[in-house]
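Since every read-out is calculated from the coordinates, none of them should be taken as a lab result. In this text, all values refer to a predicted model and were calculated from it rather than measured experimentally. Methodologically, a virtual Cβ is constructed for each residue, glycine included, from the backbone with ideal geometry; neighbour enumeration extends over all protein chains shown.
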């Protein structure tokens, strides 16, 4: 598992390029914030997490629990999911707005178009809602 990247993943890079090309400026992996969000947009008091469906137990077609060593994986992935909830609650309590973009929205058979993802992010940035989840068209 040491070879698994936590930063600069392909889905994250796609979102970063999309937002930067549109003129949005952000900070990366801010250690002072709960969960070290992938992107932080201080101007909008907003953070963006780009989550892998497997590692964060997303309820979609891309999440499949391994058949071997299931107890280990259930414990590990459940901890990840619980930590996500704690970080999101802490960020919202501190006045931050949270966007979670799921891997299934960016690749696979249920993916959304780049325009759909971009428009959802931009609409959320200019709206007053605290949180948004962007996931693929699955289940």
TODO: Considering each of 36, 31 in turn, give the residue that is over 21 Å from residue 114 (Cα atoms) and either loosely packed, with under 11 Cβ neighbours inside 10 Å or touching a helix residue (DSSP H, G or I) at 6+ places or on another chain (Cβ under 7 Å) (or both).
DONE: 31
Open item on the list: Among the residues of the range 99-116, what is the count of those that are more than 18 Å from residue 61 (Cβ to Cβ) and either in contact (Cβ under 8 Å) with a residue 24 or more places away in the chain or buried (at least 17 other Cβ atoms within 10 Å of the Cβ) (or both)?
Closed with: 2
TODO: Would you be able to tell me the number of residues in the range 90-139 that are touching a helix residue (DSSP H, G or I) at 6+ places or on another chain (Cβ under 8 Å), in a loop (DSSP other than H, G, I, E, B) and over 19 Å from residue 55 (Cα atoms)?
DONE: 2
Task: Hits in the range 40-50 (condition: surrounded by 23 or more Cβ atoms within 10 Å (Cβ to Cβ) and without any contact (Cβ under 8 Å) to a residue 60 or more places away in the chain) - done: 47, 50
Task: Index of the failed condition, residue 25 passing every other in (1) surrounded by 12 or more Cβ atoms within 10 Å (Cβ to Cβ); (2) touching a helix residue (DSSP H, G or I) at 6+ places or on another chain (Cβ under 9 Å); (3) without any contact (Cβ under 8 Å) to a residue 40 or more places away in the chain - done: (1)
